[in-house]
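Quick note: the coordinates plus some simple rules give every number you see, no bench work behind them. Since this is a predicted model, take the numbers as computed values, not measurements. Here the Cβ positions follow ideal geometry from the backbone for every residue, glycine too, while neighbour counts run over all protein chains shown.
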């Protein structure tokens, strides 16, 4: 498993992290997804910690990836606002239930689409087909502008290449240093 430490990029990258940990008063671990931009694990760690709402000592990463490409688009990060584009980057969290299984399941993905409704449609096409009672939960349009206070303002620009290459997702419990 690739660890979340000791990496440096030449340019800022979009990191997406599925965090877990405890929150006071809850019986079970909670989870959240955060979006950060940075050139290194140190840049990203500071932002992750500042966005976490649970107890600091319980914070860990369950899954993460650096979003370089999605749906045939390269993802570029810049301090200059890009020209208006008809395509937007969306994070979609689809929830579902399985008969005789307690709790809600989630399928989370990034998609490039022209609208929120198209993003949900594309995410449902990517989702496993064996789940029952699908519904959509949180959807985030992260194309417009991501404001990261530790680094300043960064913008996401999408460049169509047509090359269908997905980012590598790293799963597994990792304590955040």
To the nearest 0.05, what FRET efficiency results for residue 99 and residue 76 with a Förster distance of 41 Å applied to their C-beta separation? 0.40
Between 124, 116, 105, where does the largest GNM mean-square fluctuation fall for the chain, given springs only between Cα atoms within less than 10 Å? 105
Ranked on Cβ counts within 10 Å of their own Cβ, fewest leading, 158, 14, 59 go 59, 158, 14
Please compute the length gained on full extension between residue 160 and residue 68, using 0.36 nm multiplied by the number of residues separating them and subtracting their Cα-Cα distance. 31.9 nm
Would you mind computing, in nm to one decimal, how far apart the modelled labels at residue 53 and residue 118 are, each placed 7 Å from Cα along Cα→Cβ? 3.1 nm
Which option, (1) 44, 38, 31; (2) 48, 37, 28; (3) 49, 42, 36, is the value of Cα extents along the principal axes in Å that was calculated from these coordinates? (2)
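Fewest first, what order do 44, 108 take by the number of other Cβ atoms within 10 Å?
Values: 44 27, 108 18.
Ranking 44, 108 by Cβ neighbours within 10 Å, fewest first, gives 108, 44.
So how much slack lies between residue 39 and residue 9, counting 0.36 nm per residue of separation and subtracting their Cα-Cα distance, in nm? Before the final figure, lay out each step's value.
Numbers: separation 30, 0.36 × 30 = 10.80 nm, distance 0.50 nm.
Result: 10.3 nm gained on full extension.
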In a GNM of the chain with a 10 Å cut-off on Cα contacts, which of 99, 74, 153 has the highest mean-square fluctuation? 99
Order of 176, 19 under a 10 Å beta carbon neighbour criterion, fewest first: 176, 19
